[in-house]
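Since every read-out is calculated from the coordinates, none of them should be taken as a lab result. Since this is a predicted model, take the numbers as computed values, not measurements. Note: ideal-geometry Cβ built from the backbone for every residue, glycine included; neighbour counts use all protein chains shown.
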Amino acid sequence: MQLIYVQTDRCLGCRTCEIQCRVEHAEEKNLFAAIRQIHPPKKRLFIEQQGKVKAPILCHHCDDSPCMAACITGSLYRDEHGIVQRKDELCIGCWSCIMACPFGVVARDADVHVAVKCDRCPDREIPACVASCPTKALRLVDADQLSKERRQEILFRGSSLAE
Amino acid sequence: MKCSIDPAVTEVLNNHKGGNKLKTAWDRYEAQQPQCGFGELGVCCRHCMQGPCRIDPFGEGPDRGICGATADTIVARGVARAVAGGTASHSGHALHIAHVLKKMLAGKTPDYAIKDEVKLKAVAGRCGIAIEGRSSKEIAQDLVEKALSEFGDKGEALTWAATTVTKARLETFSKLGIVPTSIDGTIAEVMHRTTYGVDADPVNILLGALKCAVADYTACHLATDLSDILFGTPQPVVSKANLGVLKEDAVNIALHGHNPLLSDIIAQVASEPEMIAEAQAAGAAGGLNVVGICCTGNEIMMRHGIPLATSSISQEVAIMTGAIDAMVVDYQCIMPAIATAAECFHTKVITTMPIAKMPGAEHIAFSDENAVECARAILRQGIERFKSRNPDKVCIPQKSSTAIAGFSAEAIVAALAKVNADDPLKPLIDNIVAGNIRGICLFAGCNTVKVPQDHNYIEMVKKLLAENVLILATGCASSAYARHGFMTSEATIRYAGKGLAAVLTVIGEAAGLGGPLPPVLHMGSCVDNPRAVDVAVAIANKLGVDVSQLPVVASAPEAVTEKAVAIGTWAVAGGLPTHLGVVPPVLGSKLVTEVLTSTVKDLLGGYFIVEPDPAKAAVALLTVIDERRAGLGL
């Protein structure tokens, strides 16, 4: 399972990820055209700030997805890659998913009355937010690989201390 | 990513011996992707320390900065400051020449002289300075004082603006309140009105930008006039362009930048037998080979026939040939990256101006009071460096094109006078009326990494020439057409439509070229754009109309710099529909976009046409040309 891993100490709050997320979900994948759309594309991740910490908050595609469990029409479903996706035509705008999501990353598209959430950019190998981050605060990593990295890091720190 | 359509540049990029750690502007462009969307739209503001502020272009987040400025205000301020930046560059360039002229008249710069008395008298006469019975020195003294008064607070319309546009245009400028009374004062005014808490009205700010652009035009015109007086008005000259002009067996000195004050002297000194002998003594059988890059290249090509190596965007590529012993720079469009590229080779980068130094380069202060000695010292650095050239790292593409350059307004009129001595403009106007010349397009501006180098220039020019549009070119547009062989008689036969080819053949043969005039006329460096205005104004005055009615358009299809923004803006102010092939950072404001591409047309006749697709851009320009022809009843 691939994760989008956020290194909060690297985020400058430039919002490039938000812009590129919108562009990726625009009719023509182009900024100049995107801002002219009648209903401009919505962002699916959010830069938030608490004190000095700035970070993008985004969908984790949880294995036990509260949003999916709360969706009464079956608009939210899991695809073959494990990504929680949404079918526009089934969404009735009840916002149960918004209430259920513990991360607050399902948003409301008030123009078209449907919920919007991260779809991991199905047309791209690397999601637009990850590809665009100028400081590499966002990384696409394998969950198992990340935990291995962590274990290695602990060991490395321990051995440096021993020396 | 395709970097360039120039075969010589491409050959060096693919085969250079600088190692794989050597990065170019195109690599750095890729590393910058994606570029900041707020910046691309012009909706970020850093004019105060409460910021930075950004407007959400999607209308969900903030619609105002902390001070309350909207996207319209922020975008307009950005445009105005870009124009001011460009104007400051041209002001500095022009003032530098005026200072040297003044010092020369006081006997302090013995290496400079009045080279073109005819031009001196023509300019002085136009500026209202008495000529009859006076020596050149006396006239020049009055002229230089007049010139210097343009920079400070003159208290009246700038002479170089008021005397070089049509009467109707000056009235239009006056009505809009955009007649500058000081070059530097207008730059300062833009900085003032765009600072924290001054002008918030986007339209008023844009009028300020237009006024500053007129000041830029003034500075450019003044610079060109004084350069011609000091170094001679360009006349047609046959030279060569592209990296194939570098010589394996010679000391190759590349002169890069803009102002002829330095480059013209080096060009003169490089032909001294003693200097050539020094180069030969260092082992360079071919002696000294001076080549030009960017607009310095245009200046010395026009006046001395010195070959042009390449344009601004490929300045690093020139170093990557491994054959340049010294690259000597003054100011503007000099990428700091050249010092890094030079680390991979033996090339010495020499900066010369107190305001333009660079980490990794050697600084040799150029003194105009001791110009020739300075020039010799600089050349000697190159000769010394030749000894450490590594032949294994040399990669000179055997590619260059012949180019006829040097079509100043005076040279064009002189060529036309060979057809009709009493009324030189008549053949030009008759052929415009008859449709043999459907219109005129001035190509200006730069090369950008955002477009494969030269792609837009070449695509557009082929279409326009086939439709009988006469092409004028300046700056790196000149370079593109010179390198791609569009400045030859053969190019007329190959690319020009029937009507245009016939006209160019008649003029070329009358002028003794033994063939047609080139279909693209090299009018000089980017500061020389007013040369094209002079031609348009002469035609308009003769026809008793304004420039905004003529079938004349401009295009900067690969624009980069703030100078290009300033020039483009004064082209619009002057009444020319002006195409931009790169989207400028204004789309974040619907109002500013609307004003610059449409509303301004009603006020000035000129307006911006933004079209990245060169084929569509050519069609758009042809449509405008036809509209204007129809307006004149043609």
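Structural remarks
- Charge tally in the Cβ shell below 13 Å around residue B:411, where Lys, Arg are +1 and Asp, Glu are -1, residue B:411 excluded: -1
- Across peptide B:58-65, the average count of Cβ atoms from other chains found within 10 Å of a residue's Cβ is 3.
- Relative packing of peptides B:248-259, B:12-23 - highest average C-beta neighbours within 10 Å first: B:248-259, B:12-23
- Over the stretch B:422-537, relative contact order from alpha-carbon pairs under 8 Å, at least 6 apart, %: 28
- Counting every alpha-carbon pair across chain B, the share separated by more than 41 Å comes to 23%.
- Ranked from largest, the principal axis spans of the Cα set of the protein assembly as shown equal 96, 69, 51 Å.
- Peptides A:121-127, B:536-542, B:315-321, B:241-247 ordered by packing proxy, namely the average of other Cβ atoms within 10 Å per residue, highest first: B:315-321, B:241-247, B:536-542, A:121-127.
- Net charge of neighbours whose Cβ lies under 11 Å from the Cβ of residue A:23, counting Lys and Arg as +1 and Asp and Glu as -1: -2
- Pairs of Cα atoms nearer than 8 Å and 6+ residues apart set the relative contact order; for chain A it is 28 percent.
- Across peptide A:38-48, the mean count of Cβ atoms from other chains lying within 10 Å of each residue's own Cβ comes to 1.
- Largest-first ellipsoid semi-axes for the stretch B:242-300, taking √(5λ) over the Cα gyration tensor eigenvalues, angstrom: 21, 14, 6
- Considering all C-alpha pairs of the stretch B:71-231, those separated by over 20 Å amount to 52%.
- The H on the amide N of residue B:240, modeled in the peptide plane, is under 5 Å from the matching H of B:308, B:403, each at least 5 residues off or on a different chain.
- Cα coordinate range in the stretch B:303-350, projected on the principal axes (Å, largest first): 33, 22, 18
- Shielding by other protein chains, A:29-35, mean Cβ within 10 Å: 5
- Crossing angle, helix A:143-162 versus chain A [Cα axis fit, 0-90 degrees, rounded to tens]: 30
- Beta bridge orientation in the protein assembly as shown: antiparallel %, DSSP, nearest 5: 40
- Less than 5 angstrom separates the built amide H of residue B:291 from those of B:253, B:254, B:255, all sequence-distant by 5 or more or on a different chain.
- Helical content of chain B, expressed as a calculated mean residue ellipticity at 222 nm, amounts to -15000 deg cm²/dmol (DSSP H runs of 4 or more residues, -39,500 (n - 2.57) each, divided by residue number, nearest 500).
- Each residue of the stretch A:39-50 was assigned a 3J(HN,Hα) from its phi angle through the Karplus curve 6.51 cos²θ - 1.76 cosθ + 1.60 (θ = phi - 60°); the sequence is 10, x, x, 8, 7, 10, 9, 9, 7, 10, 9, 10 Hz, with glycine and proline shown as x.
- The Cα atoms of the stretch B:243-393 give a gyration tensor whose axes a ≥ b ≥ c have a/c under 1.5, which makes the shape rounded.
- The stretch B:71-231, dipole about Cα centre (Lys/Arg Cβ +1, Asp/Glu Cβ -1), debye to the nearest 20: 160
- Antiparallel content of DSSP bridges confined to chain B, in %, to 5: 20
- Taking label positions 7 Å along the Cα-Cβ direction at both residue B:114 and residue A:146, the computed distance is 7.8 nm, reported to one decimal.
- Residue-wise HN-Hα coupling along the stretch B:139-149, computed from phi with Karplus coefficients 6.51, -1.76, 1.60 (Hz; x: Gly, Pro): 4, 5, 4, 5, 5, 5, 5, 4, 4, 5, 5
- Mean separation of Cα contacts under 8 Å, 6 or more apart, over the residue count of chain B: relative contact order %: 17
- Placing a label point 7 Å from the Cα of residue A:62 along the Cα-to-Cβ direction, the residues of the stretch A:99-118 whose backbone N falls under 16 Å from that point are A:99-107, A:117-118.
- For the stretch B:243-393, the share of DSSP beta bridges that are antiparallel, to the nearest 5, is 5%.
- Modelled FRET efficiency - R0 41 Å, residue A:3 with residue A:39, Cβ distances, 0.05 increments: 0.85
- Radius, Kirkwood style, for chain A when every pair of distinct Cα atoms is counted (Å): 17.2
- Applying the Karplus relation 6.51 cos²θ - 1.76 cosθ + 1.60 with θ = phi - 60° to the stretch B:157-164 yields 3J(HN,Hα) values of 4, 4, 4, 5, 7, 5, 9, 10 Hz, where x marks Gly and Pro.
- Cα-Cα separations in the stretch A:88-155 greater than 17 Å, expressed as whole percent: 63
- When you count the other C-beta atoms within 10 angstrom of each residue and take the mean per peptide, B:515-526, A:31-42 line up highest first as B:515-526, A:31-42.
- In this simple spin-label approximation, residue A:79 and residue B:15 carry label points 7 Å from Cα along the Cα→Cβ vector, and these lie 4.7 nm apart.
- Shape analysis of the stretch B:7-143 places it in the oblate category; the axes a ≥ b ≥ c from the Cα gyration tensor give an a/c of at least 1.5, with a/b not above b/c.
- For residue B:66, neighbours were defined as the other residues whose beta-carbon sits under 13 Å from its Cβ, and their charges (Lys and Arg +1, Asp and Glu -1) total +2.
- Near the amide H of residue B:521, within less than 5 Å, lie the amide hydrogens of B:471, B:472, B:473, all on another chain or at least 5 residues away, with H placed in the peptide plane.
- Entry for the stretch B:365-499 at q = 0.14, 0.15, 0.16 Å⁻¹: log10 I(q)/I(0) = -0.85, -0.91, -0.97, Debye formula applied to identical alpha-carbon scatterers, no solvent contribution.
- One way to sum up the overall shape of the stretch B:117-189 is the equivalent ellipsoid from its Cα gyration tensor, whose semi-axes run 25, 15, 8 Å, largest first.
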